[in-house]
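The values are calculated or read from the model by the stated rules, or taken from the named source; none is laboratory data. Treat the numbers as computed from the prediction; the structure is a model and nothing was measured. When we count neighbours, we look across all protein chains shown, and the Cβ atoms used for this are built from the backbone with ideal geometry, even at glycine.
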């Protein structure tokens, strides 16, 4: 896994020196309808990076496609977004891990952990420092069970392939019986 806590921590330290404490930003992907249609005449959609900006003590939310200026203004948040995309491509998103609450998921994401695999790879010291020892242990157990399920799934697929082959052979046997019966009737005549 490409999760590197030290790299992420350095990114936070550099950004905190110049961050705006009154403003928070969150980058995310949003599906946006294009003008194109697919083969069935339905609209096509594409992912677009959006930024949500909130001001402290203000209910208004700036929520529009991300621009280079916004990316430059909020580099930590944008790098967190990029890191989440990279991790989720190679792992199971934390949202699919039933043992975490919404608050725990957000706290882990804030620390640069976006997948169950990244959570499971934390060292004992790092898990203790982040206060996620129990969650890390559950993630390790979850992944071990998932590996066992993968073996079971592979066995089940192989079993289904054998059953399909048996069905095809039964059909072929019936066809050959009919050919044989037709052939023996011709010889009797």
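Just wondering, is there one or more residues in segment 21-37 that are out of contact with any strand residue (DSSP E or B) (no Cβ under 6 Å at 6 or more places or on another chain), part of a helix (DSSP H, G or I) and at pLDDT below 85?
Among the residues of segment 21-37, not one is out of contact with any strand residue (DSSP E or B) (no Cβ under 6 Å at 6 or more places or on another chain), part of a helix (DSSP H, G or I) and at pLDDT below 85, which makes the answer no.
For segment 115-139, which residues satisfy the criterion of being surrounded by 12 or more Cβ atoms within 10 Å (Cβ to Cβ) and over 17 Å from the mean Cα position of the chain (by Cα)?
122, 126, 127, 128, 129, 130, 132, 133, 135, 136, 137, 138, listed by residue number.
For segment 50-61, name all the residues that are over 27 Å from the mean Cα position of the chain (by Cα) and either at pLDDT 90 or above or surrounded by 12 or more Cβ atoms within 10 Å (Cβ to Cβ) (or both).
55, the sole residue that qualifies.
If you scan segment 99-111, which residues turn out to be more than 14 Å from residue 134 (Cβ to Cβ) and part of a loop (DSSP other than H, G, I, E, B)?
111
Tally the residues that are touching a residue at least 12 places away in the same chain (Cβ under 8 Å) and surrounded by fewer than 19 Cβ atoms within 10 Å (Cβ to Cβ), restricting the search to segment 86-96. Step through it out loud before you land on a result.
Residues of segment 86-96 touching a residue at least 12 places away in the same chain (Cβ under 8 Å): 86-88, 90-94, 96.
Imposing the further condition that a residue be surrounded by fewer than 19 Cβ atoms within 10 Å (Cβ to Cβ) reduces the set to 86, 88, 90, 93, 96.
Residues flagged as touching a residue at least 12 places away in the same chain (Cβ under 8 Å) and surrounded by fewer than 19 Cβ atoms within 10 Å (Cβ to Cβ) within segment 86-96 amount to 5.
Can you pull out the residues in segment 67-84 that are surrounded by fewer than 19 Cβ atoms within 10 Å (Cβ to Cβ) and in a loop (DSSP other than H, G, I, E, B)?
Within segment 67-84, 67 is the sole residue that qualifies.
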